[in-house]
Amino acid sequence: MYNIKIESHFSSAHYLRGYKGKCESLHGHNWKVEAIVESKILDKIGMVMDFKDLKAKLRKVLEDLDHSCLNDHAYFKKVNPTSENISCYIYRKLKIKVPNLKSVVVWESDASCATYSE
């Protein structure tokens, strides 16, 4: 099995509903996002997919989230914007464009991340 991974970033604010502690107040993160794509076979030139294409597709998904308050997005009005739910949101949006997407990892700090895969 072959895997490729790219990273991208976005900045946004959020607050956690139903949480008791500092994170219940509005605060921001510089999020790091990793997208991992998996394939049993390589294309005719020996790639899972072009890194450039994967980066562009992920950037397009992240555009909606960048420099915003996540709680104001329609999806996160119903779903608490935890790192876990953010990774799921990004995964599902990117999966439409990248069918062999394996997982999405969202880092809210250098030491804390959440991963979503199906």
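Taking the conditions exactly as written (within 21 Å of Asp53 (Cβ to Cβ) and surrounded by 15 or more Cβ atoms within 10 Å (Cβ to Cβ)), does Val104 satisfy them or not?
yes
Run down Lys77, Lys60, Lys52 and say which single residue is in contact with a Lys or Arg (Cβ under 8 Å, 6 or more places away or on another chain), assigned to a helix (DSSP H, G or I) and surrounded by fewer than 14 Cβ atoms within 10 Å (Cβ to Cβ).
Only one candidate qualifies: Lys60.
Per-residue answers, yes or no, for (1) farther than 14 Å from Tyr116 by Cα; (2) more than 16 Å from the chain's Cα centre (by Cα); (3) loosely packed, with under 15 Cβ neighbours inside 10 Å; (4) modelled with pLDDT of 95 or more:
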site: Ile41; (1), (2), (3), (4): yes, yes, yes, yes
site: His67; (1), (2), (3), (4): yes, no, yes, yes
site: Lys93; (1), (2), (3), (4): no, no, no, yes
site: Ile96; (1), (2), (3), (4): yes, no, yes, yes
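Looking at the stretch 1-15, I want the residues that are farther than 18 Å from Lys57 by Cα and touching a residue at least 40 places away in the same chain (Cβ under 8 Å) and have a partner that is aliphatic (A, V, I, L, M) and assigned to a loop (DSSP other than H, G, I, E, B) with Cβ atoms under 7 Å, at least 6 apart or on another chain. Which pairs are those?
Listed pairs, sorted by first residue: Tyr2/Leu42; Tyr2/Val48; Ser12/Leu65; Ala13/Leu26; Tyr15/Leu26.
Mind checking which residues of the stretch 64-74 are part of a helix (DSSP H, G or I) and in contact (Cβ under 8 Å) with a residue 40 or more places away in the chain?
Leu70, Asn71, listed by residue number.
Could you run through the stretch 1-34 and say how many residues are aliphatic (A, V, I, L, M) and over 23 Å from Asn71 (Cα atoms)?
Of the residues in the stretch 1-34, 3 are aliphatic (A, V, I, L, M) and over 23 Å from Asn71 (Cα atoms).
Have a look at Ile4, Ile36 and point out the one that is in contact with a helix residue (DSSP H, G or I) (Cβ under 9 Å, 6 or more places away or on another chain), in a strand (DSSP E or B) and either modelled with pLDDT under 95 or among the β-branched types (Val, Ile, Thr) (or both).
Going through Ile4, Ile36 in turn, the sole match is Ile4.
Are there any pairs with C-beta distances below 6 angstrom linking a residue in the stretch 94-113 that is of a type in the set (Lys, Arg) to a residue that is part of a helix (DSSP H, G or I) and surrounded by 11 or more Cβ atoms within 10 Å (Cβ to Cβ), with the two at least 6 apart or on different chains, and if so which?
Here the result reads Lys97/Lys57, each pair linking the stretch 94-113 to a residue that is part of a helix (DSSP H, G or I) and surrounded by 11 or more Cβ atoms within 10 Å (Cβ to Cβ).
The values are calculated or read from the model by the stated rules, or taken from the named source; none is laboratory data. What you are looking at is a predicted structure, and each value in this text was computed from that prediction instead of being measured. All Cβ positions, glycine included, derive from the backbone under ideal geometry; neighbour counts span all protein chains shown.
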